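**Q** First the structure, which I've put down as structure tokens, then a few questions once you've had a look.
What follows draws every value from the coordinates through simple rules; no lab data is involved. This structure is a prediction, so every number in the text was calculated from the model and none was measured. Here the Cβ positions follow ideal geometry from the backbone for every residue, glycine too, while neighbour counts run over all protein chains shown.
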Amino acid sequence: MFILDAHLDLSLNAIEYNRDLRKSITHLRGSESDMTDLAGRGRGTVSLPEMRKAGIGLCVATQIAGCMKPAGPVGAWENPDQAWEMTRQQLDWYHAMEEEGELKQIRSWSQIKAHMKAWKEDPKNTPIGYILSLEGADSIRTLNDLSTAYEYGLRAVGPAHYGKGRYALGHDEAGPLPGEGKDLLREMDRLGMILDVTHLCEQSFWEALDLYQGPIWASHHNCRSLVDDPRQLNDDQIKALGERGAVIGMAFDVWMIVPRWQRGSTTQEDRPDANLEAAADHIDHVCQLLGTSIHTGIGTDLDGGFGNEQAPKGMDTIADLGKFRQVLESRGYSSTALEGIFSGNFLRFLETSWG
Ligand SMILES: [Zn+2]
């Protein structure tokens with residue numbers, strides 16, 4: 001099975017967690033066994049070999065560096081200059097992985113086609129493809145940086161993360177898009193970028209949908225009707241995304257899968273219901289609501305500042321995505337629908353957007 005994972009924070013893990021993602025998951029966990037500085041230490045679920053085991057041949061990989069206070073879960077840089085510099089270092093890491101033959105940046109539909117061909121012929125020796133995305137736009141010092149970033153391959157931007165961003169308010173805030181955010185969207189439109197609506201607060205989400213003319217996705221986003229939290233999409237938002245031809249990547253951060261999961265205190269022993277069946281309910285909900293499976297995909301976020309303690313039961317590493325497929329299969333999803341959910345729907349989106 002070929003998988004496209006629409007949300008991984010690979011460079012954050014490499015630099016801020018100091019993880020050599022070329023190593024096995026056993027090695028990574030062992031090397032962190034007595035560390036407690038960051039959430040998920042010693043319990044990571046993502047490494048490049050583990051992604052290969054899962055069949056992930058293409059992913060959307062982020063740069064991420066916020067600078068607004070109070071800081072969100074991944075900290076805050078002192079100012080936009082510092083944040084920009086951090087994203088440059090993250091870019092350097094992706095480039096280093098390209099030199100090692102581990103990753104390959106994808107910027108166009110023709111590159112996707114060539115990559116898919118190479119992967120089909122020789123998955124073992126083909127680098128994993130990555131599309132570069134920016135999660136939270138605080139590091140864009142001025143709009144000039146956006147064209148610089150487009151030049152180096154940035155293809156998707158989520159203007160918000162947590163809290164009050166410079167360009168947009170995160171899901172834990174409420175309010176309109178500031179003027180700077182509207183200018184950012186216009187410039188993204190001009191460059192032909194993808195707007196990632198994940199993490200936008202609800203009012204800004206609707207304003208962004210009105211303003212933005214280009215392609216839109218929600219890279220890692222679950223359903224509010226199943227877990228009532230503003231981080232999630234409500235049914236009206238899901239319907240609007242469907243009408244725009246968007247694809248919604250299902251996230252495996254377990255507090256977004258089952259209600260009343262307290263990060264840092266609830267454990268899998270407390271909640272045997274927090275499993276892959278519960279994860280499948282989110283895919284099901286979007287499919288039932290829209291009457292089709294073509295708007296659903298996978299955006300695991302499994303390396304987004306947590307480890308297997310905060311993944312659904314049955315998901316020890318990202319390689320267990322195969323088990324998730326079996327859960328959907330047992331619910332009667334056809335092989336065509338599954339192929340769409342695990343890669344085809346995002347690929348079709350990219351063909352339409354870039355083709
Ligand atoms: Zn996120």
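**Q** Hey, could you pull the Cα Rg and Dmax for the stretch 63-203, both in Å?
**A** When restricted to the Cα atoms of the stretch 63-203, Rg and Dmax are 16.2, 49 Å.
**Q** If R0 is 41 Å, what FRET efficiency do you get for Lys239 and Asn144 from their C-beta distance, rounded to 0.05? Intermediate values should be presented prior to the final figure.
**A** Values: r = 37 Å, r/R0 = 0.89.
In this case the efficiency is close to 0.65.
**Q** Which one, Tyr212, Leu200, Leu321, projects farthest toward the positive side of the charge dipole computed for the stretch 200-336 from Cβ point charges (K/R +1, D/E -1)?
**A** The listed residue farthest towards the positive side: Leu321.
**Q** Just going by the charge dipole of the chain, with Lys and Arg at +1 and Asp and Glu at -1 on Cβ, which of Met68, Ala149, Phe2 is farthest out on the positive end?
**A** The Cα lying farthest towards the positive end belongs to Phe2.
**Q** Shifting gears a bit: Could you work out which residue, out of Gly55, Gly291, Gly40, moves most in a Gaussian network model of the chain, that is, has the largest mean-square fluctuation with Cα springs under 10 Å?
**A** Top of the fluctuation ranking is Gly291.
**Q** Moving on. Distance check, please: which entries in Lys239/Lys313; Lys23/Lys113; Lys124/Lys313; Lys120/Lys239; Lys104/Lys182; Lys53/Lys313 exceed 23 angstrom between their Cα atoms?
**A** In this structure, Lys239/Lys313; Lys23/Lys113; Lys124/Lys313; Lys120/Lys239; Lys104/Lys182 exceed 23 Å between Cα atoms.
**Q** What Kirkwood hydrodynamic radius, in Å, does the chain give when the mean of 1/r is taken over all pairs of distinct Cα atoms and then inverted?
**A** Hydrodynamic radius (Kirkwood, Cα pairs) of the chain is 20.1 Å.
**Q** So, one more: What is the local net charge at Arg19, summed over the other residues whose Cβ is closer than 13 Å to its Cβ (Lys, Arg +1; Asp, Glu -1)?
**A** Net local charge, Arg19 excluded: -2.
**Q** Using 1/(1 + (r/R0)^6) with R0 = 35 angstrom and r between the beta carbons of Arg190 and Asn125, what's the FRET efficiency to the nearest 0.05?
**A** Calculated transfer efficiency: 0.35.
**Q** I need the fraction of alpha carbon pairs in the stretch 23-131 separated by more than 19 Å, rounded to a whole percent. Walk me through the numbers on the way to the answer.
**A** On the way: 3452 of 5886 pairs.
In whole percent, the share of Cα-Cα pairs in the stretch 23-131 beyond 19 Å is 59.
**Q** Roughly how big is the chain's charge dipole about its Cα centre, with Cβ charges of +1 (Lys, Arg) and -1 (Asp, Glu), in debye to the nearest 20?
**A** 720
**Q** Moving on to the next point. When all C-alpha to C-alpha distances in the stretch 50-98 are sorted into bins of 5 Å, what percent of pairs does each bin hold, rounded to whole numbers?
**A** Binned Cα distances yield the sequence 5, 18, 18, 20, 15, 12, 8, 3.
**Q** Could I ask something else about it? Using the Cβ atoms and a cut-off under 14 Å, what net charge is assigned to the surroundings of Trp255, where Lys and Arg are +1 and Asp and Glu are -1?
**A** Here the charged neighbours net out to -2.
**Q** Could you check what % of the DSSP bridge pairs in the chain are antiparallel, to the nearest 5? Write out the running numbers ahead of the final one.
**A** On the way: 3 of 31 bridges.
Given both bridge residues lie in the chain, the antiparallel proportion sits at roughly 10 percent.
**Q** If you take every DSSP beta bridge fully contained in the stretch 35-171, what fraction is antiparallel? Give it as a percent rounded to 5.
**A** The answer is about 15 percent antiparallel.
**Q** Separate question: Residues with beta-carbon under 11 Å from that of Ile298, excluding Ile298: net charge, scoring Lys, Arg +1 and Asp, Glu -1?
**A** Details: positive: Arg325; negative: Asp5, Asp301.
With Lys, Arg at +1 and Asp, Glu at -1, the net is -1.
**Q** Please report, in debye to the nearest 20, how large the charge dipole of the stretch 1-43 is about its Cα centre when each Lys and Arg carries +1 at its beta carbon and each Asp and Glu carries -1 there.
**A** It comes to approximately 180 debye.
**Q** Going highest first, how would you order 170-182, 313-325 by mean Cβ packing within 10 Å?
**A** Numbers: 170-182: 17.2, 313-325: 19.8.
Peptide ranking by packing, descending: 313-325, 170-182.
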